[in-house]
């Protein structure tokens, strides 16, 4: 098994504000994806589409764990392309007036046969952009 992808950033915003941005589907639209059927409830499934490299890909997730203002864990898969299911873990920790956001994406080697768009490098770049740019800019404004 390959090592998980881990991306970590300090965001200069209180943990409550970051948790709301991470779990409120209206706020998600501003920095993440439009996920119309997202509900912060264990076992809830959600779908969304993302356009990338000329393709439009269905993403599916299921909420696995919720620790308010600390941790959100969900699956991440592409059911139209693969049977593989990965896990994404968002962890929040207070950090000197701000919040340390740590994202861990596990088991991505299941996507190895899907091409460069689904490579470790591509996922790492994507998560760095989402957290280090989009989320950070949205929450620090």
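Distance from the alpha carbon centroid of region 1-33 to that of region 56-107 works out to 9 angstrom. The label point for residue 134 and the one for residue 40, both projected 7 Å from the Cα toward the Cβ, are 1.9 nm apart.
To the nearest 10 degrees, how steep is helix 120-129 against the longest Cα principal axis of the chain, on a 0 to 90 scale? For 120-129 against the chain, the angle is about 30 degrees. Relative contact order for the chain: 29 percent, from Cα pairs under 8 Å spaced at least 6 residues apart, divided by residue count. Between residue 125 and residue 112, the simple label model (points 7 Å from Cα in the Cβ direction) yields a spacing of 2.1 nm.
All Cα-Cα distances of the chain, cut into 10 Å bins from zero to the largest, leave 11, 44, 37, 8, 0 percent in each bin in turn.
FYI, it's all coordinate maths here, none of it is from the lab. Please read all numbers here as calculations on a predicted model, not as lab measurements. Methodologically, a virtual Cβ is constructed for each residue, glycine included, from the backbone with ideal geometry; neighbour enumeration extends over all protein chains shown.
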